[in-house]
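Comments concern the structure below.
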């Protein structure tokens with residue numbers, strides 16, 4: 001049986017062994033290069049993996065990273081002289097002004113000339129396509145391909161064939177303006193967008209200034225309701241005078 005003194009000595013010996021084991025485990029953890037404590041002690045490196053801190057590639061990478069940072073970009077913009085920024089703004093304004101030079105701007109007189117030219121193209125292709133369709137339709141009907149249909153119409157075959165030939169010609173006449181417009185805009189590509197804008201503005205003016213056709217009469221007809229006869233700025237002014245004369249004649253019963 002152990003005495004109290006022996007028991008106390010054994011307890012002190014056990015506590016000493018426990019403290020020694022804890023101290024040794026802490027030392028091993030600190031010495032391990034992959035432990036949490038050792039990783040915290042390591043400082044982050046900005047150089048690429050595998051490059052020495054004094055190599056040219058590492059120095060170039062570090063300089064590029066410093067130059068591309070947002071703070072460095074803002075600093076360069078702030079340090080840029082005011083004269084350079086003003087010169088850049090003036091150059092951009094001059095370039096924009098040269099892009100919209102007066103020579104490329106469509107005025108009203110040129111618009112009316114182009115409009116007249118487009119109408120001529122449309123009329124010319126209407127005549128050509130109408131005659132071509134008339135002759136082509138007559139040739140097709142002469143082959144007898146439409147004889148079953150002609151026999152079912154309760155009219156003279158000669159009249160029926162003539163009406164069908166005229167229908168071919170009318171179809172070609174209607175297709176002509178579309179083809180003429182396509183050819184015209186192909187030859188005048190740079191004016192296409194501006195002509196569209198001018199036409200919208202022109203028809204808005206016509207709609208605003210034209211007279212009320214419901215009050216017209218045989219003695220006071222409507223003067224060019226759609227403005228189709230206008231071919232110049234002078235003609236537009238004359239059209240306005242005709243509209244005022246119509247209203248004056250309607251009111252005064254002259």
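The values are calculated or read from the model by the stated rules, or taken from the named source; none is laboratory data. On a predicted model such as this, the values are computed, not experimentally measured, just so you know. Reconstructed Cβ throughout: ideal geometry from the backbone, glycine too, with neighbour counts over all protein chains shown.
Got at least one residue in region 222-233 being at pLDDT below 95, closer than 30 Å to residue 112 by Cα and over 41 Å from the mean Cα position of the chain (by Cα)? Scanning region 222-233, I find at least one residue that is at pLDDT below 95, closer than 30 Å to residue 112 by Cα and over 41 Å from the mean Cα position of the chain (by Cα), so the answer is yes. Here the helices (runs of 4 or more DSSP H) wholly within region 136-228 that include at least 3 residues being touching a helix residue (DSSP H, G or I) at 6+ places or on another chain (Cβ under 7 Å) and surrounded by 12 or more Cβ atoms within 10 Å (Cβ to Cβ) are 157-187, 192-209.
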